[in-house]
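I have placed the structure first, in the form of structure tokens, so that the comments after it can refer back to it.
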Amino acid sequence: MTIEVNPKDNTEQTWEWKIKDTDRRTVPLKEDVGQLLVALQNRAPEGYPYVFVPPRRYNYIQQVLRGSCNWTLSSARDSIINNFTRQFDKILSKANVDEGTFHDIRKTAITNWFRQGLSEYDVMTLAGHANFTTTHRFYLAVADDLMARARQATTHQVSREILEKCCQNTMNENNHE
């Protein structure tokens, strides 16, 4: 239940694609996500190299764009990302989500790994970052619920009775002054 993220070479079937920070990584998948990816791959033509590029788009790129030698690493990246973004925006719209990016799913996963107790090093490794500064700066920003969680943690450690006694003693001392 993992997915391998690897760079791609420029071959007759694949387009050059590079990964930031590391050459490759293995990412865990939940079973239902793994099943969805298998279903997508099973619907693709035999030997098809991509899961998220529709066969019609792949054929257009192969025959028209690559055939005319107007295909570079940057055009491949821009073309695929723009096409994927349009499709993802349609999914967001159907889900009544006003705004978001596919990268938000990555941010959520990385933040949740850390919240669930994975070490900083493990989170950094799974994210494919070369150092923890990147992971922390872009993915482990202070969560909106930080104050509520801190308040709850404090409540568990300090009983109401102790707080009342402290407040009562302070009020009594102020009254005697």
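Computed from the coordinates by the stated procedures, all read-outs in this text should not be read as laboratory data. From a predicted model like this one, the values you see are computed outputs, not experimental measurements. Glycine gets a Cβ as well: all are built from the backbone with ideal geometry, and neighbour counts include every protein chain shown.
Given R₀ = 25 Å, what would the calculated FRET efficiency be for K107 paired with D9, taking r from the Cβ atoms and rounding to 0.05? Please list the in-between numbers first.
Working: r = 29 Å, r/R0 = 1.16.
So, using R0 = 25 Å, E works out to roughly 0.30.
Provide the gained length on full extension for the span S93 to T2, in nm with one decimal, where the gain is 0.36 nm per separating residue minus the Cα-Cα distance.
Values: separation 91, 0.36 × 91 = 32.76 nm, distance 2.86 nm.
Length gained, S93 through T2: 29.9 nm.
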